[in-house]
């Protein structure tokens, strides 16, 4: 099983320029809304037509602009699962599962496939029910059973959990484990949730403004992000523009400070990132130690998030902006610090207005040139 994609599609103010390949694996597409993830899936499925390029699935050409090949969605026989599941409301569960099976399949064989998939997804006894009589989780399992029953050449899932609460999402994710275990081929998984992508995907492609800006394993993305988009999408709270100073020093104009780095600084560096829980409170001045003030404090169950303003920043270069003037500029001038409340005595937790010393470890920094 294999997939090769190299396509372009232009809109007013936006251009999709997607080029990638995948084998028998789950390839995740991680990016913000509107970056082109779903559009790429729709082009592969034949719902959208690229302006130019080529799409090849398992050696079969789905689309080739030069050769004037553009198979219909029915000819491509792909499976694209949306969040809404798109079940036929007037068909029973068994009829929905059978809907994707080719008309050339004998009835006995069709019934056997349907029963096999119903069993796989724990839907035995629901054959004669209609979608309106099912829970959300049961509807999802019917949609997944229908996908496998159709024996598609490629599976594509487009943010199937984006509107679910955390508890239901955790339960329904187990349905996907059954799907992935049963399918031998290429799976494309669209998400904007890094943890979700890490759970399901062998590799992750970071998408920004219609282009893939980096690809790698989940470990690569979390520990070695190569782009500003990758830094942000990996869950890093602190990502700020950076400028080269020397091979081991970088200037951060929005924070009004400079940092020493353990890793070499690329001459074309554009962004620096540091995770909020990597920051350290210290008692003495030192390398990468800054005097800061806790300007905002907010609590979750186990963490306290503190918004720190640098008190010795270069104000001539980046004058301090108040939250009332421009809240986004105000936030961009601050660094997020996450404190584990379980590891700090209650009286020692930072409070709003506190002034303290914070060290930004030079061996915990991400540097990106794109």
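Okay, here's what the table says:
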| read-out | value |
| --- | --- |
| When residues of the range 69-94 are limited to those that are closer than 24 Å to residue 176 by Cβ and part of a helix (DSSP H, G or I), the one farthest from the chain's Cα centre (by Cα) | 94 |
| Breaking point among (1) under 28 Å from residue 22 (Cβ atoms); (2) modelled with pLDDT under 90, for residue 138 | (1) |
| Subset of the range 308-338 [in contact with a helix residue (DSSP H, G or I) (Cβ under 6 Å, 6 or more places away or on another chain), more than 16 Å from residue 240 (Cα to Cα) and at pLDDT 85 or above] | 338 |
| Residue that is at pLDDT below 95, in contact with a helix residue (DSSP H, G or I) (Cβ under 9 Å, 6 or more places away or on another chain), surrounded by 22 or more Cβ atoms within 10 Å (Cβ to Cβ) and not in a loop (DSSP other than H, G, I, E, B), where the choices are 229, 197 | 197 |
| Residue among 230, 218, 210, 256 that alone is touching a strand residue (DSSP E or B) at 6+ places or on another chain (Cβ under 8 Å) and under 28 Å from residue 312 (Cβ atoms) | 256 |
| Test result for residue 12, over 23 Å from residue 231 (Cβ atoms), surrounded by 14 or more Cβ atoms within 10 Å (Cβ to Cβ) and either assigned by TED's automatic domain parsing to the domain that holds residue 152 or in contact (Cβ under 8 Å) with a residue 40 or more places away in the chain (or both) | no |
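Here is a yes/no grid of residues against (1) buried (at least 22 other Cβ atoms within 10 Å of the Cβ); (2) closer than 21 Å to residue 146 by Cβ; (3) in the same structural domain as residue 115 (by TED's automatic domain parsing):
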position	(1), (2), (3)
16	yes, no, yes
23	no, no, yes
31	yes, no, yes
37	yes, no, yes
56	no, no, yes
67	no, no, yes
82	no, yes, yes
103	no, yes, yes
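The values are calculated or read from the model by the stated rules, or taken from the named source; none is laboratory data. Note that this is a predicted model, so its numbers are computed, not measured. For neighbour counting, all protein chains shown are included, and Cβ atoms are generated from backbone atoms with ideal geometry for every residue, glycine included.
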